[in-house]
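Structure record follows, encoded as structure tokens.
The values are calculated or read from the model by the stated rules, or taken from the named source; none is laboratory data. These numbers come from a predicted model, not from an experiment. Neighbour counts run over all protein chains shown; Cβ positions are idealised from the backbone, glycine included. Each accessible area value is taken on the protein alone, full model and side chains, heavy atoms only, with ligands, DNA and RNA left out. Shrake-Rupley method; radii C 1.70, N 1.55, O 1.52, S 1.80 Å.
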Amino acid sequence: MTRDGGASWLGNGTGTGKRALCLLAGLVSCGLLAGATPVGAAAAVVPGSLDQSFGTGGKVLTDLGVGGGVASDAALQSNGDIVVSGGFGLARYLPTGQLDRTFGIGGLASTGFAGDGDSGTAVITQPDGKIIWAGSQSNPAFAFGGTFEFAVARFNPDGTIDTSFGTGGRVSTEFFAPPLQGAQEFAAAVLVQPDGKILVSGSARQGQNRFAPIQGAIARYNPNGSLDSSFGADGKILSTSHGIITALGLDAAGDIFVLPGSAEFSPSGQAGAAVSPAPITASSHGGAAAFLPGGQSVIASSIGVARHDVDIQVQRFNADGGLASASPASDYSGASSLDQARDSAAAVAVQANGQAVAVGSHFLSTAVFGLARVNPAGTLDAAFGVGGTLTTAFHGDDAADALLVQPDGKLIAVGFSENNSTGDVFIALARYNG
């Protein structure tokens with residue numbers, strides 16, 4: 001099996017290759033070759049191999065045209081449909097990888113924001129099937145494109161905008177008073193509470209001050225899209241103790257936990273003096289940090305191992321914040337020596353057996369999807385891909401930004417691919433056997 005899921009038909013040392021040689025030789029019984037797979041026997045599924053039942057050879061591309069927005073998050077619906085979010089809005093795919101043409105307009109739904117999703121968007125589905133998109137928009141009070149604020153939109157299950165939410169299905173939130181030109185406020189995670197209220201987190205930085213810190217930002221909305229005035233200051237929190245907040249978790253009491261800078265807030269938004277270990281009853285997904293049900297967490301990050309050589313590492317933390325394990329610095333390509341490749345960790349997800357999978361991009365002259373699977377003890381899963389890592393190429397200017405784990409254990413990496421010769425940007429998906 002090659003790294004992009006293709007197989008050599010002859011002479012690859014597998015049962016398939018031996019059977020082909022046997023048949024070419026005119027032998028009646030392929031069992032005459034030692035180690036041959038009996039005719040009619042099912043081939044073993046290699047963990048990390050592309051799922052050939054998905055899209056074309058395990059991969060899907062959707063052309064958004066020149067300058068199309070970049071896909072940055074995804075969510076699974078209860079029927080197996082895949083909802084992808086990005087600067088373009090939303091797209092929905094059937095479990096086979098086919099674009100669901102009944103969703104929105106031809107499979108795509110636009111938020112209608114100005115400059116939406118220019119930096120990180122998140123998506124989640126509500127229990128009633130409605131879909132919440134969270135990202136950013138260009139603040140209309142200033143020149144287009146340089147000043148951003150939180151933006152949230154809600155869609156009906158069919159991809160039409162839910163006009164019962166906010167104003168015409170949309171809300172925007174500014175964290176500074178007064179806002180200054182150049183403010184940078186970007187949403188990165190979204191979570192629906194059991195009572196239907198909506199938490200959105202990310203970062204905020206005041207404009208016109210190059211020394212202004214990047215602060216953690218959280219807003220909580222009522223189910224109708226209005227800010228929840230019982231939370232923080234008029235529905236909002238700014239935390240100078242934390243940078244961008246990319247993951248949200250809740251315990252049974254409604255306490256709010258955040259990552260990657262581990263912290264805890266009360267249900268009303270008051271910062272705790274310390275983090276109290278507690279089981280996590282609900283959590284957001286997407287981003288390079290994730291909660292485990294027991295209160296533990298995993299964080300994937302890029303680390304420099306030499307000049308121009310950046311690898312990825314996955315760390316696992318106990319519920320009290322102590323380090324439980326750390327993977328070795330790894331190259332998605334499987335290279336064990338310095339190669340001046342740059343590997344990014346854009347998202348991480350934890351499988352039911354506790355294994356963590358990190359996704360991102362591997363750049364060395366071209367950029368491709370990269371995945372790595374890590375055991376709870378911190379070792380790479382040698383059964384996955386080639387020694388625990390793999391890469392997948394589309395156009396050669398590719399990056400995975402989100403990862404989904406299906407109930408059957410299959411993995412869906414979601415990101416973008418750009419055709420540099422035309423400038424067209426594609427939504428890119430690849431599904432792998434677990």
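Observations on the structure shown:
Conditions (1) part of a loop (DSSP other than H, G, I, E, B); (2) over 20 Å from residue 309 (Cβ atoms); (3) of a type in the set (A, V, I, L, M); (4) open to solvent by less than 10 Å² (accessible area, probe 1.4 Å), marked per residue:
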| position | (1), (2), (3), (4) |
| --- | --- |
| 369 | no, no, no, yes |
| 408 | yes, yes, no, no |
| 413 | no, yes, yes, yes |
| 428 | no, yes, yes, yes |
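- Of the criteria (1) open to solvent by less than 30 Å² (accessible area, probe 1.4 Å); (2) without any contact (Cβ under 8 Å) to a residue 12 or more places away in the chain; (3) closer than 24 Å to residue 109 by Cβ, which one residue 212 fails: (3)
- Cβ-Cβ under 6 Å pairs, at least 6 apart or on other chains, segment 371-395 side modelled with pLDDT of 95 or more and basic (Lys, Arg), far side assigned to a strand (DSSP E or B) and open to solvent by less than 10 Å² (accessible area, probe 1.4 Å): 373/357
- Restricting attention to segment 117-127, the residues being surrounded by 19 or more Cβ atoms within 10 Å (Cβ to Cβ) and either at pLDDT 75 or above or over 18 Å from the mean Cα position of the chain (by Cα) (or both) number 4.
- Single residue of segment 242-282 satisfying the filter (within 25 Å of the chain's Cα centre (by Cα) and polar (S, T, N, Q)) that is modelled with the lowest pLDDT: 262
- Residues in segment 56-68 that are closer than 14 Å to residue 411 by Cα and not in a strand (DSSP E or B): 58 only.
- Condition met for residue 219 (open to solvent by less than 20 Å² (accessible area, probe 1.4 Å) and within 25 Å of the chain's Cα centre (by Cα)): yes
- Residue within segment 82-97 that is open to solvent by 20 Å² or more (accessible area, probe 1.4 Å) and on the phi > 0 side of the Ramachandran plot present: no
- With respect to being open to solvent by less than 10 Å² (accessible area, probe 1.4 Å), over 23 Å from residue 74 (Cβ atoms) and at pLDDT 95 or above, residue 232 falls outside the description.
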